[in-house]
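The values are calculated or read from the model by the stated rules, or taken from the named source; none is laboratory data. Since the model is a prediction, treat every value here as computed from it, not as a measurement. All Cβ positions, even for glycine, are placed from backbone atoms using ideal geometry, and neighbour counts span all protein chains on display.
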Amino acid sequence: MTKMGCQMLWLPLALTLMMATVSTGGSIVEECDPGDLKGLASFRGGIHMDTSGRLAKWVGRRCCRWQGISCNNETGRVTEVHLPGFISSVDFVFQSQMEGWFSPSITLLTSLEVLDLGGLAGLSGRIPTSIGRLKNLRKLYLYGNKLRGPVPESIGKLLKLEELHLHENRLSGFLPPTLGCLKNLNALLLHSNRFTGSIPASFSNLTNLMHLDLHANSITGHIPQNIGDLQLLKELDLSDNLLNGEIPASVNNLTSISVMYLDANHLEGEIPFPSNYGQMPLLGFLRLQNNQLGGKIPPNLGYLVSLQRVSLENNKLEGAIPSSLGNLEALTELYLNGNKLSGVIPKSIGQLSHLILLTLSHNSIQGPLPNEMSALQNLQTLDLSFNSLTLNSIPRWVAKLPSLSRIYLAGCGIKGQIPDMLKSTPSPIQELDLSANDLTGGIPAWMGSLTQLYSLNLSRNHLSSSIPASVADFQELGVLDLHSNNITASMEHVFKIGTSFPGGSLTYVDLSDNSFTSGIQQISVGTLERVVYLNLSHNLQKGKLPTSMEKLKALQSLDLSYNKFGFGLVEALANLSHLETLKLQRNQFTGRIPAEFLNLKNLKDLDLSDNLLVGEIPAGRPLSDFPQSCFTGNTGLCGKPLSPCKS
């Protein structure tokens, strides 16, 4: 037979074999493995509600075609289950709900590499103890569920695990020592559960670990002394737990670490790192705040040349700020507030050319401020409040910083009038706090030109005179605090703030402890419809409350105490459905308490004492829940919780 004849003979045979292979391959892909099918069917059976509609489409035996399921093209085995609660598309993000029980039969999917059930807030049950059967599992997402119970020891058998996300559940128990067997774990994310117990020492065996996140749990005990053995660790988050003891010195060995969050614990002792130059060269984000760390800020901290954000606030650190911090050229944010630091601010701080935020408040730092700080051309937020600076006046260079928009100089010993250099700063002021100083005179008319000002705090000074009409020009003002001054006349201009901008921005207003005699009747509802907190107490206001107050729908706290308001309590107050605090004591209100006050279902704090109210207190909650002291001093008032009314 010729060569051509042989080729013609083999061609049909080859095509037949090829088709057989495709057919065989097709049967593997199309027909679900019996164990996989049983596991998926059992999982579906445990769910009684699925708003995404995905499980309703799980019919037949071709599970590799089911939504959320991926299979290996060669073996046909299920390798991935993707059923996250958050479903994203080009146009929107939808959070689906899936309520039911997490079936242990999911572990029949022995070829599974990825299991993603994250964000299914209604998924309850436990992590099955047989989870260790999933030998090929690389990623496990069980966060944002209602799973409970301990993390099973068998998780330690998942040697290929790269990511473990178990945050925001209600898990209890402790992390088993077998987790130390996860040699190939690349990301362990167990944050926001309520795990208890201590961190197992076996974590030091996770030599390939790159992400360790246990934050927002109830983990107790010490940070393992040998945590430095995790040489590849890039991110460490143990924040918001109950850890105590000292930070182990072995953290200096974390040569790959870039993020370290140990804040909100009970850690004590000194900061032990870095001990030498070159250690932790990639550390960019460091949070140690809200602990009990003591001693001095180590000068070697200046060796961490990659640092961008550092928070050491609310500890017990003392001594001077080391000048070596000026070596942190990449630093953008520095939080040192709430410690016991003393001495002066080092001149080297002026070298931090990328610094955006500097807060040193609530320490014992002394003046003067170094002129070198005028070189902080990128500084946006400066907080030096409540130190021993005794500035007398605001340094002129502060008002010349080109990027500065948030200035906090409360309790710094500033005297005299509010300096007019603040009216023409290079960057518009957005937040200004000059409270608890010795400022005198009045609020200058030019302040109304600060049209981007959002927060203004001039409280606890010696300001007098009246509020200028120009304050009505504030366009963005959301927080206004003028309490504890001697401002007189009318507060009506405050109630006109933002009248040119419907809806207004004001959310917080405190004008208490002044000498205002009028103005509440001029409340412009349109400017206060977003106000949550309104305090006009300890003034000289009198007259009747305006019924227009009923339209302050967002109001949660109203304090009009210690004034001279009279007439009856307006029923309009009962329409403030979000009201939680209502203080009207020490006025001259007359008449009965409106029965409509029973509609204030959210009321938690009430004081109507020392007025001229009469009649029976309306029976029922919330009024009946308050003690007698909330109603005493009204000689004509009776009924629960006071003495019964006489017939």
Q.
Cβ contacts < 6 Å: first residue within 16 Å of Asp33 (Cβ to Cβ), restricted to the stretch 88-116; second residue at pLDDT below 95 and among the hydroxyl-bearing types (Ser, Thr, Tyr), any location; separation 6+ or different chain. Result?
A. Thr107/Ser130
Q. For Ser470, are the conditions met, namely being closer than 28 Å to Ser393 by Cβ, outside the structural domain of Asn392 (by the TED database) and not in a loop (DSSP other than H, G, I, E, B)?
A. yes
**Q.** Every residue from the stretch 614-640 that is in contact (Cβ under 8 Å) with a residue 24 or more places away in the chain and either hydroxyl-bearing (Ser, Thr, Tyr) or under 21 Å from Leu579 (Cα atoms) (or both)
**A.** Ile617, Pro618, Pro622, Leu623, Cys630
Q.
Anything in the stretch 440-456 that is surrounded by 21 or more Cβ atoms within 10 Å (Cβ to Cβ) and not in a helix (DSSP H, G or I)? List them, or say none.
A. Ile443, Leu450, Leu453, Leu456
Q | strands (runs of 3 or more DSSP E) contained entirely in the stretch 266-362, each with at least 1 residues that are surrounded by 20 or more Cβ atoms within 10 Å (Cβ to Cβ) and not assigned by the TED database to the domain that holds Ser198 | A | 266-269, 285-287, 309-311, 333-335, 340-342, 357-359
Q: Give the number of residues within the stretch 576-593 that are under 39 Å from the mean Cα position of the chain (by Cα) and either under 16 Å from Lys604 (Cα atoms) or aliphatic (A, V, I, L, M) (or both).
A: 10
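Residue check: is Gly68 assigned by the TED database to the domain that holds Lys139, closer than 24 Å to His167 by Cα and without any contact (Cβ under 8 Å) to a residue 24 or more places away in the chain? Steps first, answer last, please.
Working: assigned by the TED database to the domain that holds Lys139: yes; closer than 24 Å to His167 by Cα: yes; without any contact (Cβ under 8 Å) to a residue 24 or more places away in the chain: yes.
So Gly68 fits the description; yes.
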**Q.** Residues of the stretch 308-325 satisfying the condition of being closer than 19 Å to Leu267 by Cβ and under 23 Å from the mean Cα position of the chain (by Cα)
**A.** Arg309, Val310, Ser311, Leu312, Glu313, Asn314, Asn315
Q: Considering only the stretch 212-250, state which residues are surrounded by fewer than 19 Cβ atoms within 10 Å (Cβ to Cβ) and not polar (S, T, N, Q).
A: Gly221, His222, Pro224, Asp229, Leu232, Lys234, Glu235, Leu242, Gly245, Glu246, Pro248, Ala249
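Any chance you could count how many residues in the stretch 522-545 are modelled with pLDDT of 90 or more and not in a strand (DSSP E or B)?
Start the filter on the stretch 522-545 by keeping residues that are modelled with pLDDT of 90 or more, which leaves 531-545.
Now restrict to residues that are not in a strand (DSSP E or B): 531-532, 536-541, 544-545.
The total comes to 10.
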Q: Starting from the stretch 375-393, keep only residues that are over 21 Å from Ser455 (Cβ atoms) and not assigned by the TED database to the domain that holds Leu331, then list their pairs with residues that are modelled with pLDDT of 95 or more and outside any loop (DSSP other than H, G, I, E, B) whose Cβ atoms are within a distance under 6 Å, requiring at least 6 positions of separation or different chains.
A: none
